[in-house]
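Have a look at the structure below before the remarks.
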Amino acid sequence: MALSGEVGELMEHFQWLTPDESTQIMDEPKAAAAVADEVADVLVYLLRLADVLDIDLTAAVANKVRKNREKYPVDAAKGRARKYYEDEG
């Protein structure tokens, strides 16, 4: 629950920004510091959750990357917003 709350606080910094404004948020020192603080909070809660659940994050990430590579092959999925296996119509 706390992790979700922290993600919400991070999202607040981007909620009403355009995509261009979002990519420039780190150019403003006060905003950059606030975003960095929220990212740190998210990471702390995520690390704690993984610790409590005894999840090896390195192994979990490697496994997920492997699954994604198999599910979304580059030649079929690269540059597409839709899932490559969804029909276009």
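For the chain, the mean residue ellipticity at 222 nm estimated from helices alone is -20500 deg cm²/dmol, where every DSSP H run of n ≥ 4 contributes -39500 (n - 2.57) and the total is divided by all residues, rounded to the nearest 500.
Taking the dipole about the Cα centre of the chain, with the C-beta of Lys and Arg at +1 and of Asp and Glu at -1, give me whichever of Ser4, Leu47, Ala59 is farthest to the positive side. Projecting each Cα onto the dipole axis, the largest value belongs to Ala59.
Loop-located GluC sites (Glu not before Pro) in the chain (DSSP state other than H, G, I, E, B) with a sparse environment of at most 15 neighbouring Cβ atoms within 10 Å: Glu86, Glu88. So between Asp27 and Val39, what do we pick up on full extension, going 0.36 nm a residue minus the alpha carbon distance? In short, 2.7 nm is gained.
With a simple spin-label model that places each label point 7 Å from the Cα along the Cα-to-Cβ direction, the separation between Lys64 and Gln15 comes to 2.5 nm.
Any read-out appearing in this document is the output of simple, stated calculations on the displayed coordinates, not a laboratory observation. As the structure is a computational prediction, the values presented were derived from the model and not from experiment. As a convention, Cβ positions derive from the backbone with ideal geometry for all residues, glycine included, and neighbour counts pool all protein chains shown.
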